[in-house]
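In what follows, a single structure is set out as C-alpha cells and then discussed.
Taken together, the values in this text are just the output of simple stated rules run on the coordinates, not laboratory data. Please read all numbers here as calculations on a predicted model, not as lab measurements. A quick note on method: Cβ atoms are made from the backbone with ideal geometry, for glycine too, and the neighbour counts reach across all protein chains shown.
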Amino acid sequence: MTMLRAPTLNALPRIRHGFFTRQGGVSEGLYASLNGGVGSKDEAGYVAENRARMAAAVGVAPDHFLSAYQIHSPDVAVVDEPWSRDARPRVDALVTRKPGLALGVSTADCGPVLFADADARVIGAAHAGWRGAFTGVLEATIDAMTKLGAQRGRIVAAVGPLIRQKNYEVGPEFVAQFLAADPDNARFFAAAAREAHALFDLGGYIGDRLARADIEHVEDLGFCTYADADRFYSYRRSCHRGEPDYGRHINAIALAD
C-alpha cells in the first residue's frame with residue numbers, strides 16, 4: 001500500500017495520518033486499486049477491504065475509520081463515536097479529541113487538509129474543493145478545533161494531493177465569482193488557452209485561506225491528482241476520458257490511544 005505522509009504531521013507525537021494513493025488495494029478496472037469511496041459504483045466488498053487496509057495503516061479498527069457524506073459545504077461535525085454508513089453526517093469536515101477514531105475525507109481532485117494540535121490532542125480533516133474553500137470550510141474546521149481546546153498558533157495543517165493549476169481550467173463565471181468576493185483573488189488565476197477561461201490555483205487559494213486564519217504551520221505536499229494517473233484518481237480526468245465513474249482517495253488522521 002502506498003500512502004503519503006506530511007513530515008510536519010509525522011513529527012508530532014501520537015498523531016497518525018496518511019494521504020492514501022490509489023495503490024495497494026483490491027478494486028479492479030476503473031477503480032484499481034485502493035478505492036475508498038463508498039459512494040462509488042465499485043463492488044462494496046472491495047471498498048470495505050480497501051478501507052480496512054487503510055484503517056490498519058493508521059492504527060484503528062475498520063469500524064472506527066470514518067468519513068462523512070460530503071456535500072461541498074462549510075459544515076463541520078464533532079466526532080465522539082463511530083457511525084454506520086447510513087448514519088454518516090452530511091458535512092465536509094470532521095474534528096475530534098477522542099483517541100482511536102480516524103477522521104477521513106474523500107477526494108478525487110478536491111483538496112484534502114489534515115489538521116492537528118498535538119498538545120491539545122485535537123485533530124481535524126477537511127474536504128476543500130473550490131466551493132468548500134470559498135464558503136469557509138477551512139475556517140469552520142479551525143473554529144471547531146479551538147472549541148475543543150486547540151490553539152491556532154499550535155495547529156499544523158497539511159494539504160494533500162489535489163488538482164493543480166496547470167490542469168484546472170475554469171470558465172468566466174467561476175472567475176467572476178471569486179473576483180466579486182475579493183479582487184485580490186485575481187492572483188490565483190492564470191491565462192488558459194481558451195479565450196475567457198483561466199487556470200485556477202486551488203492549492204494556493206487553500207494556503208492563503210489558512211494563512212488568513214492565522215495558521216502558521218502549513219505544508220503542501222504539492223502532488224497533482226490529474227497529472228499522475230498511476231498514483232491518483234481524478235474526477236476531471238475521468239470526465240475528459242468519458243469514463244462512467246472514478247475512484248476516491250481517503251485522506252485520514254487519527255489520535256493514538
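Can you tell me how many residues in segment 186-207 are surrounded by fewer than 18 Cβ atoms within 10 Å (Cβ to Cβ) and closer than 15 Å to Ala133 by Cα?
Residues meeting the conditions: 1.
Does Ser67 fit the bill of being among the hydroxyl-bearing types (Ser, Thr, Tyr) and surrounded by fewer than 22 Cβ atoms within 10 Å (Cβ to Cβ)?
On the way: among the hydroxyl-bearing types (Ser, Thr, Tyr): yes; surrounded by fewer than 22 Cβ atoms within 10 Å (Cβ to Cβ): no.
Here the answer is no, as Ser67 does not meet what is asked.
Could you tell me which numbered condition Pro183 fails, if it satisfies all but one of (1) under 26 Å from Arg90 (Cα atoms); (2) surrounded by fewer than 22 Cβ atoms within 10 Å (Cβ to Cβ); (3) not charged (D, E, K, R)?
Unmet condition: (1).
Got at least one residue in segment 151-162 being touching a Cys at 6+ places or on another chain (Cβ under 8 Å) and in contact (Cβ under 8 Å) with a residue 12 or more places away in the chain?
Let us first name the residues in segment 151-162 that are touching a Cys at 6+ places or on another chain (Cβ under 8 Å), namely 161-162.
Still in the running and in contact (Cβ under 8 Å) with a residue 12 or more places away in the chain: 161-162.
Within segment 151-162, one or more residues are touching a Cys at 6+ places or on another chain (Cβ under 8 Å) and in contact (Cβ under 8 Å) with a residue 12 or more places away in the chain.
Tally the residues that are under 30 Å from Leu179 (Cβ atoms) and outside any helix (DSSP H, G or I), restricting the search to segment 130-161.
Taking segment 130-161 first, the residues under 30 Å from Leu179 (Cβ atoms) are 130-144, 152, 155, 157-161.
Subsequent filtering for residues that are outside any helix (DSSP H, G or I) retains 136, 152, 155, 157-161.
Qualifying residue count, segment 130-161: 8.
Rundown of residues vs (1) within 21 Å of Pro62 (Cα to Cα); (2) in contact with a Pro (Cβ under 8 Å, 6 or more places away or on another chain), yes/no style:
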position	(1), (2)
Val91	yes, no
Ala108	no, no
Ala125	yes, yes
Leu138	no, no
Gln151	no, no
Ile155	no, no
Arg164	no, no
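Identify the residue in segment 90-108 that is within 20 Å of Pro74 (Cβ to Cβ) and not aliphatic (A, V, I, L, M) and, among all such residues, is surrounded by the fewest Cβ atoms within 10 Å (Cβ to Cβ).
Arg90
Out of the residues in segment 208-239 that are aliphatic (A, V, I, L, M) and surrounded by fewer than 14 Cβ atoms within 10 Å (Cβ to Cβ), state the one that is nearest to Ala118 (Cα to Cα). Before you say what the answer is, go through the steps one by one.
Taking segment 208-239 first, the residues aliphatic (A, V, I, L, M) are 210-211, 213, 215, 218, 221, 227, 229.
From what's left, surrounded by fewer than 14 Cβ atoms within 10 Å (Cβ to Cβ): 211, 229.
Details: Ala211: 19, Ala229: 34 Å.
Going through the qualifying residues, I end up with Ala211.
I'm checking my understanding of the structure. Among residues of segment 120-163 that are more than 19 Å from Val79 (Cα to Cα) and more than 17 Å from the chain's Cα centre (by Cα), which one is surrounded by the fewest Cβ atoms within 10 Å (Cβ to Cβ)?
Within segment 120-163, the match that is surrounded by the fewest Cβ atoms within 10 Å (Cβ to Cβ) is Gly153.
What number of residues within segment 183-234 satisfy the criterion of being among the hydrophobic types (A, V, I, L, M, F, W, C), closer than 26 Å to Arg248 by Cα and either assigned to a loop (DSSP other than H, G, I, E, B) or touching a residue at least 40 places away in the same chain (Cβ under 8 Å) (or both)?
11
I'd like to verify a number: residues in segment 235-257 that are touching a strand residue (DSSP E or B) at 6+ places or on another chain (Cβ under 9 Å) and part of a loop (DSSP other than H, G, I, E, B), how many?
The total comes to 2.
Within segment 164-180, which residues are closer than 23 Å to Leu221 by Cβ and either of a type in the set (D, E, K, R) or surrounded by fewer than 16 Cβ atoms within 10 Å (Cβ to Cβ) (or both)?
Step one: filter segment 164-180 for residues closer than 23 Å to Leu221 by Cβ, giving 164-170.
The answer is Arg164, Lys166, Glu169.
Over 17 Å from the mean Cα position of the chain (by Cα), charged (D, E, K, R) and surrounded by fewer than 22 Cβ atoms within 10 Å (Cβ to Cβ): is that true of Arg85 in this structure? Give the steps one after another, and end with the answer.
Working: over 17 Å from the mean Cα position of the chain (by Cα): yes; charged (D, E, K, R): yes; surrounded by fewer than 22 Cβ atoms within 10 Å (Cβ to Cβ): yes.
Yes; evaluated as a whole, the condition is true for this residue.
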